[in-house]
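Taking it in order: structure first as C-alpha cells, then the write-up.
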Amino acid sequence: MIYRDLDLHPRLLAGLGSLADESPTPVQEQALPPILEGRDVLVIAPRADGERLVSVLPILQHTLFGARGRIQAVVLTPTQELAETIISAIQKLGKHTRVRSLALCDGPIPAQLQALQDGVEVIIACPARLLEHLNRGSLDLSRAELLVLEDLDRFCDMGFLPDLWRILKATPAQHQTLLFSTTDNEDLRKTARTLLREPITVQVGDVAATHPIAHRFYSVEAEYKTEALLTLLDAGEIPAEAALIFCETRFRARRLGEKLKHAGYATAILTDELSPKRRNIAIEGFRQKISKMIVTTDIAAQGLDVTPITTIINFDMPESVETYLHRSGRAAYSKSPSTALTLVTPEDNEIAEAITLELGERPYFRTLPHESI
C-alpha cells in the first residue's frame with residue numbers, strides 16, 4: 001500500500017510530492033482508511049512527526065469537498081506549540097489547495113477577528129482562546145463536521161475536559177470525531193467512549209505511561225512565602241530544575257523571578273506581555289536547560305508546551321480546583337517522578353481543602369515555622 005492508493009484528492013497528492021508513492025507508517029496504514037471513510041477513530045500511538053499525517057490528510061480532504069468560507073474542521077490541542085506544528089503541516093501539505101487555516105491560541109484578538117470575518121475552513125485552537133471567541137460570538141462552529149482532539153490524554157490530565165464539553169455544545173450533534181493519544185488508561189478509554197460513535201480503535205507501538213503526581217502542601221504565612229521557597233530550594237527539598245512556578249499576577253511573577261535569579265537560580269520569567277520573540281527565547285532557554293525554572297502565570301502559561309516538567313510549584317494558590325488540576329497535570333508526562341508543591345497561607349485553607357477532596361487523597365502537609373525560614 002502507498003499513499004496514492006488512498007484515493008486522496010489530486011491536490012493532496014501534489015502536496016505529498018514524492019511521498020505519495022511511498023508506504024505509510026503502520027499507524028497511518030491502519031487509521032487513514034476508516035478516517036477517510038468518515039468513521040470515528042481513536043488512535044493510540046507514540047507521537048512522531050510522520051503520524052501528523054493521520055489527522056492532517058483527512059482534514060484537508062474533508063475541507064476540499066466542503067463549502068469555502070465556513071469552518072468545516074476544528075482541531076483542539078492542549079498546547080500552543082502543538083497547534084503551531086499542526087498548522088504548519090496543514091499549510092505545507094495543503095499548498096496546492098485553497099484551504100485557509102487559522103490558529104487560535106495566543107496572539108492579538110483583532111487579527112484573529114479579521115481572519116474569521118474573512119473566512120477560514122480549518123481552526124486549530126487551544127480551549128481557552130476558542131471559548132473566548134465563542135463567548136464573544138465571533139466564532140460559529142454550527143457546521144463543523146470534523147472534530148479532532150490531539151493529545152486527549154493531556155486534555156484529561158490537565159483538567160481541560162469541562163472546557164471540551166462546553167465547546168462540543170457549539171458543534172453539530174452529528175459530526176466525525178478523531179481522538180489521538182500517546183498513552184492508554186481506563187480513564188482515557190472512558191472519555192473516548194463518551195465522545196465517539198461506533199469507533200475504530202487503532203493502537204500501534206509502545207505508548208508512553210503517565211506517572212502519578214505527588215502532591216505536597218507547605219503551610220506558611222503570606223509575608224514569608226519568598227523566604228520559604230528559597231529555603232526549600234536551598235535545602236534541596238524542592239528540586240531546582242525542570243520546574244514551573246505559578247504566581248497570581250505578572251508583577252508577582254517578575255518580582256519572584258528576579259529574586260530567584262539574584263539568589264543564583266537559573267530562572268526564566270514568562271509573562272503575558274512578552275513579545276512572541278521574547279517568549280520563544282524564554283521557552284527555548286528552558287528546553288536547552290539554560291534555565292532550570294520558569295516563573296509564570298496561568299494566562300501566560302496557556303498553551304505552553306515544555307517537557308519534561310518534573311516539578312510544579314504553586315507559589316500562589318490557584319483560585320479554583322480546576323486551575324490546580326491544569327497546573328499539576330503538566331507534570332504527568334515526565335519520565336521521572338513528578339511533584340506538585342503548593343505554598344498554603346491561612347487564607348488558602350478553604351481551597352486547599354477542596355483540592356484535597358478532589359484528589360481523593362491527603363497531600364503531604366508540612367507547616368514551616370517562621371524561625372526555620
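In segment 20-27 there is at least one residue matching the filter, namely being in a loop (DSSP other than H, G, I, E, B), at negative phi and polar (S, T, N, Q).
Only a single criterion out of (1) farther than 28 Å from Thr85 by Cα; (2) of a type in the set (S, T, N, Q); (3) without any contact (Cβ under 8 Å) to a residue 12 or more places away in the chain is not satisfied by Thr345, namely (3).
For (1) out of contact with any strand residue (DSSP E or B) (no Cβ under 7 Å at 6 or more places or on another chain); (2) touching a residue at least 60 places away in the same chain (Cβ under 8 Å); (3) among the polar types (S, T, N, Q), each residue gets a yes or a no:
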residue	(1), (2), (3)
Arg216	no, yes, no
Ala228	no, yes, no
Leu260	no, no, no
Ile269	no, no, no
Gly285	no, no, no
Ser291	no, no, yes
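Exactly one residue out of Ile87, Ile123 is assigned to a strand (DSSP E or B) and within 21 Å of Thr177 (Cα to Cα): that is Ile123.
For segment 65-85, residues that are at pLDDT 90 or above and surrounded by fewer than 22 Cβ atoms within 10 Å (Cβ to Cβ) total 1.
For (1) of a type in the set (Ser, Thr, Tyr); (2) in a loop (DSSP other than H, G, I, E, B); (3) at pLDDT below 95; (4) outside the structural domain of Lys289 (by TED's automatic domain parsing), each residue gets a yes or a no:
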{"residue": "Glu322", "(1), (2), (3), (4)": "no, no, yes, no"}
{"residue": "Tyr333", "(1), (2), (3), (4)": "yes, yes, yes, no"}
{"residue": "Ser336", "(1), (2), (3), (4)": "yes, yes, yes, no"}
{"residue": "Leu343", "(1), (2), (3), (4)": "no, no, no, no"}
{"residue": "Asn349", "(1), (2), (3), (4)": "no, no, yes, no"}
{"residue": "Ile355", "(1), (2), (3), (4)": "no, no, yes, no"}
{"residue": "Arg362", "(1), (2), (3), (4)": "no, yes, yes, no"}
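Residue by residue, here is whether (1) assigned by TED's automatic domain parsing to the domain that holds Gly329; (2) among the acidic types (Asp, Glu); (3) at pLDDT 90 or above holds:
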residue: Asp157; (1), (2), (3): no, yes, no
residue: Phe160; (1), (2), (3): no, no, no
residue: Ile167; (1), (2), (3): no, no, yes
residue: Leu179; (1), (2), (3): no, no, yes
residue: Asp184; (1), (2), (3): no, yes, no
residue: Ala192; (1), (2), (3): no, no, yes
residue: Arg197; (1), (2), (3): no, no, yes
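Conditions (1) under 20 Å from Ala115 (Cβ atoms); (2) under 20 Å from the mean Cα position of the chain (by Cα); (3) without any contact (Cβ under 8 Å) to a residue 24 or more places away in the chain, marked per residue:
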residue: Asn135; (1), (2), (3): yes, no, yes
residue: Ser138; (1), (2), (3): yes, no, no
residue: Leu141; (1), (2), (3): yes, no, no
residue: Leu178; (1), (2), (3): no, yes, no
residue: Leu195; (1), (2), (3): no, yes, no
residue: Glu198; (1), (2), (3): no, no, no
residue: Val202; (1), (2), (3): no, no, no
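Report, by residue number, each residue of segment 158-183 that is assigned to a loop (DSSP other than H, G, I, E, B) and under 22 Å from Thr63 (Cβ atoms). Listed by number, the residues that qualify are Ala170, Thr171, Pro172, Ala173, Gln174, His175.
The values are calculated or read from the model by the stated rules, or taken from the named source; none is laboratory data. Keep in mind it's a predicted model, so treat the numbers as computed, not measured. Because the Cβ atoms are built from the backbone with ideal geometry, glycine has one as well, and the counts that use them run over all protein chains shown.
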